[in-house]
Amino acid sequence: MKRITLLLFVLIPIICMAQMNDLQDTTIYAGNRKLEIKEKEGKIKVKIYEQLINSGDTIENEQIFEGVYRNGQSTERRISIPIPFTKNKKASYQSSSFRNFNHHRPHIAGISLGYSQFGNRFLSGQANGPDLVMSKSWEWEITPFKTIFPLTRDNSLSLNSGLGIGYTSFRLDGNYGFRKVGTNTAILPPDEGQFYSQSRLRYNNFRIPLVLEWQKFANHRGPIFFSIGCEGEIRWKIASKVKYGDKHEKTLNNNLNVNPIGMNLLAQAGYNHYGFYFRYSTFSLFQKNKGPELYPFSIGVCRYWGNF
């Protein structure tokens, strides 16, 4: 840049002489630079070239400056020479923006709502338990915390975890309730002359999922995602609740031999902010030989947030 500035200072008197004396086309060599001065129709055009040696003895002239002078006014244009093996800033920015758009978006934190049911081990058939009112057997969960462990450089695969809090309620169909008799829990009708207008088993829970998630963006949209893994569950405030006729709800029992800790299988799939989930408990809800063998499972929808 300093050399170009010096050359421009040298050109000033030459240009002035050209305007005064009608100087014809001139070529000047200064080091590895070539200056061309041409006059046409009252305009003086100045071009500066830099000689570049490619391979062997091949020499090319690369234009680095152009100026046009007319009636005391000038127009100048500097031309940058592309240098091999240097990073293109614009391309780098675009690439960075693309990567930011396609960063992994873990589908853990959010809110979910689904239907709850009882099943046998491995969901091989109907549970040997009560029928449930499906429309009133449900669960909800809020997961405010999440963490992510990327596994691939293209951000398509990661190991995700989090912490959620939720509520589960099983509404029994018929005149039955979960009752504790001695040291065991059983599904029994009310005492003679009584009738349950409502009966349910409910508990709160903390859940800690650990899932392997794959996701894919399509045309800068999405992502489409699938995840599968396990989920630890801590159950608390377990109770069997009933209503007699139109009376207020009453607690039959609190200590029902429910396993306070469970382990679930969790699968999720969806697009962008929304998805479906399937959850299945690998352990029976009740302790062995202290209650019916029931394996809770649920199906529902999710709305995710964070990193979108």
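List of remarks:
- With N counted as the residues of the range 174-308, its alpha-carbon radius of gyration over 2.2 N^0.38 Å works out to 1.37.
- Most to least packed among 285-293, 145-153 [average Cβ atoms within 10 Å]: 285-293, 145-153
- Size of charge dipole - the range 102-304 - debye, nearest 20, with Cβ of Lys, Arg +1 and Asp, Glu -1, no other charges: 300 debye
- Net charge over other residues, Cβ less than 9 angstrom from the Cβ of ASN160 (K, R count +1; D, E count -1): 0
- With eigenvalues of the C-alpha gyration tensor scaled by 5 and rooted, the range 250-308, Å: 31, 14, 9
- Length added when fully stretched, THR26-HIS248, from 0.36 nm per residue minus Cα-Cα: 69.3 nm
- Local electrostatic count at ASN205 - Lys and Arg +1, Asp and Glu -1, tallied over other residues with Cβ under 14 Å: +1
- For the pair THR183 and THR152, a Förster radius of 41 Å applied to the C-beta separation gives a FRET efficiency near 0.20, rounded to the nearest 0.05.
- DSSP-loop trypsin sites (Lys or Arg not before Pro) across the range 210-253, with at most 13 other Cβ within 10 angstrom: LYS247
Quick note: the coordinates plus some simple rules give every number you see, no bench work behind them. Since the structure is predicted, the reported quantities are computational estimates derived from the model, not experimental observations. FYI the Cβ positions are ideal-geometry reconstructions off the backbone, even for glycines, and counts take in every protein chain you see.
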